[in-house]
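Novice: After the structure tokens below, expect a handful of questions from me.
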Amino acid sequence: MTQENMITKNNDGTLNVPDHPIIPFIEGDGIGPDIWNATRIVIDQAVRTSFDGKKSIQWLELAVGEKGFRTTGEYLSDQSLKAIEDHVVSIKGPLTTPIGKGFRSLNVTIRQKLDLYACVRPVRYIEPVPSPMKHPEKINMVIFRENTEDLYAGIEWQSGTDEAEQVISFLTNQMHVKVPEHAGIGIKPISEKNTKRLVASAIAYAVDNHLPSVTLMHKGNIMKFTEGAFSRWGYEVAREKFGNQTITEAELYDQYQGKAPHGKIVIKDRIADMLFQQVLLRPDEFSVIATPNLNGDYISDALAAQVGGLGMAPGANIGDTCACFEATHGTAPKYAGLDKVNPSSLILSGAMMLEYMGWKDAAERIRKALQETIRSGIVTYDLARQIEGATEVACSAFANAIAERL
Ligand code: NAP
């Protein structure tokens, strides 16, 4: 593997992708090896078919998680982190969070150390996956969840500790606010810089993919200086960076009689609780959603459930220097090594990765072949128990069935 086979990034964010790029992968713990092997079969075949064998991926394994600990004594080495950053694009299976080893979570560590600030989750219905919705086909959204701040920053103190009491004393005596006695305390930082880069990446995605709107989801009616500011900064960055490509929802009605001019993206905002209702009642009114960390965590999983659950949901963590694509579920340890589980989440994350690299045809082939496979009744155990008359196959057989349809 040589230097010229590394993907590089230009200052404007575009990628230079060689014909045989080196892409690091982490197979993951638990069911990770099973779903990774299945995913690799599908990605390699899609690339081969799409480019008549003229392009291919050179996979570079990174020993992270339990495999990393077994082989190097480290769950996540600096060398692995550097490889993820240097190669710009990577893909990973789920990782167990080691208990009592000084990590909150390996996944969180990767996101924080590499400043992968946008957690991107497309949510699209794949027929005929069982869904609790009457019209799941109306759901086609992409969530951009801020990944680095908000209540998830980990700034919190347990009730009754010296630290919590000091903060309460400061708030009571210096800031003259009332805090319940011996409360546990958590801090919710939301900054202009981190909001603007997240919302800008959501709008850029909408521009690149010709999508109709970007919705800023927030709870600014209650938390004015954090979530309210998120919404305000979101509108600001839309004006500052995408003034020619966007209009606000207010302008849509004031100036354009409710019909967006061709090529303009509508920037709107919704209070979080109301948006939870609206994505159930009128899902086709929403396309890209940009939101702070905690709201994003909730809405991503709720929307995934609307189209059939986490087993089918792809995801990526994207920053300015690199992007790591990943399954959205965990390591499901009870199924480890049984060649049983559904690899769709990681396969669809692989499709997202190919799209990110500009290999859109290969990505689209994967989505279509996966849908055709499920439509023909070939599914893993989780879907077999919900689809009457379906044939249950192993994880690897499901991947082979997809590969045959590419
Ligand atoms: P989980 O691993 O997601 O598994 C929970 C249940 O979800 C499984 O028992 C299974 O349900 C179903 N499931 C998950 N993946 C599936 C798949 N590919 N196909 C079919 N069904 C699937 O959640 P967990 O048990 O709470 O977490 C286990 C470990 O994973 C923990 O160490 C956690 O820290 C880690 N984790 C890692 C990530 C990540 O790496 N991004 C994310 C979340 C959790 P049934 O039993 O009903 O069949």
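The values are calculated or read from the model by the stated rules, or taken from the named source; none is laboratory data. Note that the structure is predicted; figures quoted are calculated from it, not measured. Cβ placement follows ideal geometry from the backbone for every residue including glycine, while neighbour counts extend to all protein chains displayed.
Here's the yes/no breakdown for (1) within 14 Å of the chain's Cα centre (by Cα); (2) within 12 Å of the ligand (Cβ to nearest atom); (3) not in a loop (DSSP other than H, G, I, E, B):
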site	(1), (2), (3)
ASP297	yes, yes, yes
THR373	no, no, yes
GLN386	no, yes, no
ASN400	no, no, yes
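Novice: Checking GLY311 against (1) buried (at least 24 other Cβ atoms within 10 Å of the Cβ); (2) modelled with pLDDT under 95: exactly one of these is not met. Which one?
Specialist: (1)
Novice: Anything in region 328-337 that is in contact (Cβ under 8 Å) with a residue 60 or more places away in the chain and either part of a helix (DSSP H, G or I) or within 11 Å of the ligand (Cβ to nearest atom) (or both)? List them, or say none.
Specialist: We begin by selecting, within region 328-337, every residue in contact (Cβ under 8 Å) with a residue 60 or more places away in the chain; these are 328-333, 335-337.
Scanning region 328-337 gives THR328, HIS329, GLY330, THR331, ALA332, PRO333, TYR335, ALA336.
Novice: State all residues of region 7-52 that are within 16 Å of the ligand (Cβ to nearest atom), of a type in the set (Gly, Ala, Ser) and not in a helix (DSSP H, G or I); if no residue qualifies, say none.
Specialist: The answer is GLY28, GLY30.
Novice: In this structure, does ALA384 turn out to be aliphatic (A, V, I, L, M) and touching a helix residue (DSSP H, G or I) at 6+ places or on another chain (Cβ under 7 Å)? Talk me through it step by step, then tell me what you get.
Specialist: Values: aliphatic (A, V, I, L, M): yes; touching a helix residue (DSSP H, G or I) at 6+ places or on another chain (Cβ under 7 Å): no.
For ALA384, the condition - aliphatic (A, V, I, L, M) and touching a helix residue (DSSP H, G or I) at 6+ places or on another chain (Cβ under 7 Å) - is not met.
Novice: With the requirement that a residue be touching a residue at least 24 places away in the same chain (Cβ under 8 Å) and of a type outside the set (Gly, Ala, Ser), what does region 379-403 give you?
Specialist: As a first pass, look at region 379-403 and keep what is touching a residue at least 24 places away in the same chain (Cβ under 8 Å): 379-383, 386-387, 394-396, 398-403.
Those that are touching a residue at least 24 places away in the same chain (Cβ under 8 Å) and of a type outside the set (Gly, Ala, Ser): VAL379, THR380, TYR381, ASP382, LEU383, GLN386, ILE387, CYS395, PHE398, ASN400, ILE402.
Novice: Would you mind stating whether PRO122 is more than 14 Å from the ligand (Cβ to nearest atom) and under 18 Å from the mean Cα position of the chain (by Cα)? So that I can check it myself, show each step before the final result.
Specialist: Working: more than 14 Å from the ligand (Cβ to nearest atom): yes; under 18 Å from the mean Cα position of the chain (by Cα): yes.
For PRO122, the condition - more than 14 Å from the ligand (Cβ to nearest atom) and under 18 Å from the mean Cα position of the chain (by Cα) - is met.
Novice: So is VAL88 in contact (Cβ under 8 Å) with a residue 24 or more places away in the chain and within 16 Å of the ligand (Cβ to nearest atom) or not?
Specialist: Working: in contact (Cβ under 8 Å) with a residue 24 or more places away in the chain: yes; within 16 Å of the ligand (Cβ to nearest atom): no.
For VAL88, the condition - in contact (Cβ under 8 Å) with a residue 24 or more places away in the chain and within 16 Å of the ligand (Cβ to nearest atom) - is not met.
Novice: Hey, can you tell me all the residues within region 338-363 that are part of a loop (DSSP other than H, G, I, E, B) and within 15 Å of the ligand (Cβ to nearest atom)?
Specialist: If we filter region 338-363 for residues that are part of a loop (DSSP other than H, G, I, E, B), which is where we start, we get 338-343, 357-359.
Of everything in region 338-363, those that are part of a loop (DSSP other than H, G, I, E, B) and within 15 Å of the ligand (Cβ to nearest atom) turn out to be LEU338, ASP339, LYS340, VAL341, ASN342, PRO343.
Novice: Are there any pairs with C-beta distances below 7 angstrom linking a residue in region 27-44 that is at positive phi to a residue that is of a type in the set (Phe, Trp, Tyr), with the two at least 6 apart or on different chains, and if so which?
Specialist: That search, which allows pairs on different chains as well, returns GLY28/TRP36.
Novice: Looking only at region 44-59, count how many residues are over 16 Å from ILE7 (Cβ atoms) and crowded, with 20+ Cβ neighbours inside 10 Å.
Specialist: Result for region 44-59: 3.
Novice: Okay, next question. Does region 183-202 contain at least one residue that is basic (Lys, Arg) and assigned to a loop (DSSP other than H, G, I, E, B)? Give the steps one after another, and end with the answer.
Specialist: Applying the first criterion (basic (Lys, Arg)) to region 183-202 yields 188, 193, 196-197.
From what's left, assigned to a loop (DSSP other than H, G, I, E, B): 188.
There is at least one residue in region 183-202 that is basic (Lys, Arg) and assigned to a loop (DSSP other than H, G, I, E, B).
Novice: Can you list residue pairs whose Cβ atoms sit under 6 Å apart, with the first residue in region 208-224 being touching a residue at least 60 places away in the same chain (Cβ under 8 Å) and the second being assigned to a loop (DSSP other than H, G, I, E, B)? Count only pairs 6 or more apart in sequence or on different chains.
Specialist: Matching pairs, first to second residue: LEU211/SER287; PRO212/SER287; SER213/SER287; THR215/PHE286.
Novice: Still on this structure, I have one more. Is one or more of the residues making up region 375-383 in contact with a Ser or Thr (Cβ under 6 Å, 6 or more places away or on another chain), among the small types (Gly, Ala, Ser) and surrounded by fewer than 18 Cβ atoms within 10 Å (Cβ to Cβ)? Before you say what the answer is, go through the steps one by one.
Specialist: The first filter runs over region 375-383 and keeps only residues in contact with a Ser or Thr (Cβ under 6 Å, 6 or more places away or on another chain), leaving 377-378.
Those still in the list that are among the small types (Gly, Ala, Ser) too: 377.
Keeping just the survivors that are surrounded by fewer than 18 Cβ atoms within 10 Å (Cβ to Cβ) gives 377.
Yes, some residue in region 375-383 is in contact with a Ser or Thr (Cβ under 6 Å, 6 or more places away or on another chain), among the small types (Gly, Ala, Ser) and surrounded by fewer than 18 Cβ atoms within 10 Å (Cβ to Cβ).
Yes or no, residue by residue, for (1) over 18 Å from ILE84 (Cβ atoms); (2) out of contact with any Ser or Thr (no Cβ under 6 Å at 6 or more places or on another chain):
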position	(1), (2)
ASN10	yes, yes
THR14	yes, yes
HIS20	yes, no
ASP29	no, no
PRO33	yes, yes
ASN37	yes, yes
ARG40	no, yes
ASP44	yes, yes
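Novice: Let me spell it out: the conditions are (1) surrounded by 19 or more Cβ atoms within 10 Å (Cβ to Cβ); (2) away from the ligand (no atom under 16 Å from the Cβ), and LYS82 meets all of them except one. Which number is the exception?
Specialist: (1)
Novice: Let me ask you something else. Given the structure, is HIS262 under 25 Å from SER201 (Cβ atoms), within 16 Å of the ligand (Cβ to nearest atom) and part of a loop (DSSP other than H, G, I, E, B)? Talk me through it step by step, then tell me what you get.
Specialist: Numbers: under 25 Å from SER201 (Cβ atoms): yes; within 16 Å of the ligand (Cβ to nearest atom): no; part of a loop (DSSP other than H, G, I, E, B): yes.
The answer is no for HIS262.
Novice: With respect to SER191, is the statement that it is touching a residue at least 60 places away in the same chain (Cβ under 8 Å) and small (Gly, Ala, Ser) true?
Specialist: Working: touching a residue at least 60 places away in the same chain (Cβ under 8 Å): no; small (Gly, Ala, Ser): yes.
Judged against the criteria, SER191 is not a match.
Novice: Quick check on region 89-112. Is at least one of its residues among the aromatic types (Phe, Trp, Tyr) and crowded, with 22+ Cβ neighbours inside 10 Å?
Specialist: Of region 89-112, the ones among the aromatic types (Phe, Trp, Tyr) are 103.
Pick out the ones that are also crowded, with 22+ Cβ neighbours inside 10 Å and you get none.
Taking every residue of region 89-112 in turn, none turns out to be among the aromatic types (Phe, Trp, Tyr) and crowded, with 22+ Cβ neighbours inside 10 Å.
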